[in-house]
Amino acid sequence: MNSVSIVGQDGGEVIELGPARVRILEDGSATAHRLGIAEVTLAPHSDGPPQHRHAQHDEGFYVVSGTARFTVGVTVHDAPAGTLVMVPPGVPHTFANPGGQPVVMINTFSPDLYVQYFRDLRDAMAGGTPPAKAAAGVMSRYATTAASDFA
């Protein structure tokens, strides 16, 4: 028999990644790994990860507060609170917070493949690897590659 998963406002696993705070709300264990969910808080005036492509999962972002800036290839989209951004496999993307207030987003991964990425990135950064280099190295473990060609 399956049970319901309820994560309260102080629950979940918190992962600190420099200017980003990731709170894992669903790591896939309650969804047979079909879905992972995180709350991402990005500090003001912060860049996100290098632009990248996922080969094996869809990624969604729902902006709860603040205004996130998504770059998809060469196109820039400002996404204020209430905006949903869905990124299918293969599409280059990144996000940032150019504003003066924190951005809070609900981030989904279907399937849950990418949840472990955040844990591995934290561990790589704790070992002294610079954030950008750590991200590129860890991404490759999760069918994700840095994107520099946007054709």
Just one listed residue, out of G82, G128, G99, G90, is in a loop (DSSP other than H, G, I, E, B), closer than 25 Å to S5 by Cα and out of contact with any helix residue (DSSP H, G or I) (no Cβ under 6 Å at 6 or more places or on another chain), and it is G82
Within segment 110-125, does at least one residue satisfy the condition of being open to solvent by less than 40 Å² (accessible area, probe 1.4 Å), among the small types (G, A, S) and without any contact (Cβ under 8 Å) to a residue 60 or more places away in the chain? yes
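Does segment 30-59 hold any residues that are over 21 Å from P98 (Cβ atoms), in a loop (DSSP other than H, G, I, E, B) and in contact (Cβ under 8 Å) with a residue 12 or more places away in the chain, and which are they? Let's see the steps before the verdict.
First pass over segment 30-59, keeping only residues over 21 Å from P98 (Cβ atoms): 30-38, 53-58.
With the extra rule that they be in a loop (DSSP other than H, G, I, E, B), the set shrinks to 30-35, 55-57.
Across segment 30-59, the qualifying residues are A30, T31, H33, R34, L35, A55, Q56, H57.
Being touching a Gly at 6+ places or on another chain (Cβ under 9 Å) and among the hydroxyl-bearing types (S, T, Y) narrows it down to one of T129, T83, T145, so name that one.
Values: T83 fails: touching a Gly at 6+ places or on another chain (Cβ under 9 Å); T145 fails: touching a Gly at 6+ places or on another chain (Cβ under 9 Å).
Going through T129, T83, T145 in turn, just one is touching a Gly at 6+ places or on another chain (Cβ under 9 Å) and among the hydroxyl-bearing types (S, T, Y): T129.
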Would you be able to tell me the number of residues in segment 1-38 that are open to solvent by less than 40 Å² (accessible area, probe 1.4 Å) and either of a type in the set (D, E, K, R) or at positive phi (or both)? 3
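Can you tell me how many residues within segment 42-59 are of a type in the set (A, V, I, L, M, F, W, C) and buried (at least 17 other Cβ atoms within 10 Å of the Cβ)?
1
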If T41 meets every condition in (1) under 14 Å from the mean Cα position of the chain (by Cα); (2) within 25 Å of S140 (Cβ to Cβ); (3) polar (S, T, N, Q) apart from one, which number is that one? (2)
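Name the residues in segment 60-69 that are of a type outside the set (V, I, T), open to solvent by less than 70 Å² (accessible area, probe 1.4 Å), part of a strand (DSSP E or B) and farther than 24 Å from P130 by Cβ, would you?
Filtering segment 60-69 down to residues of a type outside the set (V, I, T) leaves 60-62, 65-66, 68-69.
Pick out the ones that are also open to solvent by less than 70 Å² (accessible area, probe 1.4 Å) and you get 60-61, 65-66, 68.
Now narrow it down to the ones that are part of a strand (DSSP E or B): 60-61, 65, 68.
Across segment 60-69, the qualifying residues are G60, F61, S65.
In segment 131-151, how many are hydroxyl-bearing (S, T, Y) and either in a helix (DSSP H, G or I) or crowded, with 18+ Cβ neighbours inside 10 Å (or both)?
To start, the set of residues in segment 131-151 that are hydroxyl-bearing (S, T, Y) comprises 140, 142, 144-145, 148.
The next check asks that each one be either in a helix (DSSP H, G or I) or crowded, with 18+ Cβ neighbours inside 10 Å (or both); those that pass are 140, 142, 144.
Adding up the residues that qualify gives 3.
The values are calculated or read from the model by the stated rules, or taken from the named source; none is laboratory data. The shown structure was predicted, so the numbers you read here are calculated from the model rather than taken from an experiment. Neighbour counts run over all protein chains shown; Cβ positions are idealised from the backbone, glycine included. All accessible areas refer to the heavy atoms of the entire protein, side chains included, with ligands and DNA or RNA removed. Shrake-Rupley method; radii C 1.70, N 1.55, O 1.52, S 1.80 Å.
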